[in-house]
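The values are calculated or read from the model by the stated rules, or taken from the named source; none is laboratory data. Quantities reported herein were computed from a predicted structural model and do not represent experimental measurements. As a convention, Cβ positions derive from the backbone with ideal geometry for all residues, glycine included, and neighbour counts pool all protein chains shown.
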2 protein chains.
Amino acid sequence: MSEFKNVNIVKQANIYFDGKVNSRTIVFADGSKKTLGFMLPGEYTFNTVDPELMEILAGELDVLLPGSDWQAVAAGESFNVPGNAAFSMKVKTASDYCCSFLK
Amino acid sequence: MSEFKNVNIVKQANIYFDGKVNSRTIVFADGSKKTLGFMLPGEYTFNTVDPELMEILAGELDVLLPGSDWQAVAAGESFNVPGNAAFSMKVKTASDYCCSFLK
């Protein structure tokens, strides 16, 4: 089972959309951050500050990235979101994800 | 903001009740474990192996512990569950929790 080792984790959840999206923030020794998050079925739009790498660990969704059409993403796949952008997801089945904040 | 420091965290979520309850497993240097979890409104029954300390970080719920009546629990409160037992929760508002597995 894959683990992140020797990290700090913020105890309180990040809560979005009445909790239908929730995540935990992990801080690595080098100061970099990821969130491990979970999304119930629904449609969600998020705004980025830093560019993000979204890895889908479980579930199925469609994503709308800037300048693209809707595309299907499944467990084991990932996508990049530019910084200072908006992106939308239609989550079809409950989805587990890891979001890395890139600099 | 409260953090757990120098811990390992399992990347994949633990998923229960179609994802309406989801959690992440944290392993401490001494081998002890906690889960940080999130529950959407609903009614859930869980079974314990080890005794558990459940701290409610956000939200409101009622809990039914072995040998007790339903009791209300709110953010900032906690309850203990014996090992090898079943307990039920009626989650009224999306609830963030920290579960410590005791030995």
Worksheet item: Which residue pairs have Cβ atoms under 9 Å apart, sit 6 or more places apart or on different chains, and have a first residue in region B:45-63 that is touching a residue at least 12 places away in the same chain (Cβ under 8 Å) and within 18 Å of B:Phe17 (Cβ to Cβ) and a second that is aromatic (Phe, Trp, Tyr) and part of a loop (DSSP other than H, G, I, E, B)?
Response: B:Asp62/B:Trp70; B:Val63/B:Trp70
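Being buried (at least 18 other Cβ atoms within 10 Å of the Cβ), away from every other protein chain (no Cβ under 14 Å), closer than 17 Å to A:Ser23 by Cβ and of a type outside the set (D, E, K, R): is that true of A:Val81 here? Steps first, answer last, please.
Values: buried (at least 18 other Cβ atoms within 10 Å of the Cβ): yes; away from every other protein chain (no Cβ under 14 Å): yes; closer than 17 Å to A:Ser23 by Cβ: yes; of a type outside the set (D, E, K, R): yes.
When the stated conditions are applied, A:Val81 passes them.
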Response to the item:
Apart from one, (1) away from chain B (no Cβ under 14 Å); (2) over 17 Å from A:Leu102 (Cβ atoms) all hold for A:Glu60; the odd one out is (1)
Worksheet item: Of these, A:Asp69, A:Asp18, which one is exposed (fewer than 14 other Cβ atoms within 10 Å of the Cβ) and within 14 Å of another protein chain (Cβ to nearest Cβ)?
Response: A:Asp18
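Take the residues in region B:84-103 that are of a type in the set (Ser, Thr, Tyr) and within 12 Å of chain A (Cβ to nearest Cβ), then tell me which one is surrounded by the fewest Cβ atoms within 10 Å (Cβ to Cβ). Break it down into steps so the answer makes sense when it comes.
At the first step, the residues of region B:84-103 found to be of a type in the set (Ser, Thr, Tyr) are B:88, B:93, B:95, B:97, B:100.
Of the ones still in play, those that are also within 12 Å of chain A (Cβ to nearest Cβ) are B:93, B:95, B:97, B:100.
Values: B:Thr93: 15, B:Ser95: 25, B:Tyr97: 24, B:Ser100: 18.
Ranking the candidates gives B:Thr93 first.
If you take the residues of region B:39-48 that are buried (at least 16 other Cβ atoms within 10 Å of the Cβ) and out of contact with any Lys or Arg (no Cβ under 9 Å at 6 or more places or on another chain), which of them is farthest from the other protein chains (Cβ to nearest Cβ)? Don't jump to the end; show me each part of the working.
Step one: filter region B:39-48 for residues buried (at least 16 other Cβ atoms within 10 Å of the Cβ), giving B:39-41, B:44, B:46, B:48.
With out of contact with any Lys or Arg (no Cβ under 9 Å at 6 or more places or on another chain) added as a condition, the list becomes B:46, B:48.
Details: B:Phe46: 17, B:Thr48: 21 Å.
Only one residue tops the list, namely B:Thr48.
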Practice prompt. Looking for whichever is touching a helix residue (DSSP H, G or I) at 6+ places or on another chain (Cβ under 6 Å) and not in a loop (DSSP other than H, G, I, E, B) here; the options are B:Ala58, B:Ala72, B:Ala94. Which one fits?
Written response: B:Ala94
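Take B:Val49 and tell me if it is part of a strand (DSSP E or B), more than 16 Å from A:Ile15 (Cβ to Cβ) and either of a type in the set (Lys, Arg) or at pLDDT 95 or above (or both).
Working: part of a strand (DSSP E or B): no; more than 16 Å from A:Ile15 (Cβ to Cβ): yes; either of a type in the set (Lys, Arg) or at pLDDT 95 or above (or both): yes.
Against the criterion (part of a strand (DSSP E or B), more than 16 Å from A:Ile15 (Cβ to Cβ) and either of a type in the set (Lys, Arg) or at pLDDT 95 or above (or both)), B:Val49 does not qualify.
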Response to the item:
Listed by first then second residue, the pairs whose first member lies in region A:1-12 and is farther than 13 Å from A:Lys34 by Cα and within 7 Å of chain B (Cβ to nearest Cβ), whose partner is in a strand (DSSP E or B) and small (Gly, Ala, Ser), with beta carbons under 9 Å and at least 6 positions apart or on separate chains, are A:Gln12/B:Ala58
Worksheet, complete the sentence: A careful count of residues in region A:1-24 that are of a type in the set (A, V, I, L, M), farther than 15 Å from B:Val7 by Cβ and either touching a Ser or Thr at 6+ places or on another chain (Cβ under 6 Å) or part of a strand (DSSP E or B) (or both) gives 2
Worksheet item: Could you count how many residues in region A:21-32 are under 13 Å from B:Leu40 (Cα atoms), polar (S, T, N, Q) and more than 7 Å from chain B (Cβ to nearest Cβ)?
Response: 0
Practice prompt. Would you confirm whether any residue within region A:85-100 is more than 12 Å from the chain's Cα centre (by Cα) and on the phi > 0 side of the Ramachandran plot?
Written response: no
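Which ones in region B:60-103 are among the small types (Gly, Ala, Ser) and over 17 Å from B:Glu43 (Cβ atoms)? Spell out the reasoning first.
Applying the first criterion (among the small types (Gly, Ala, Ser)) to region B:60-103 yields B:67-68, B:72, B:74-76, B:78, B:83, B:85-86, B:88, B:94-95, B:100.
Listed by number, the residues that qualify are B:Gly67, B:Ala74, B:Ala75, B:Gly76, B:Ser78, B:Gly83, B:Ala85, B:Ser100.
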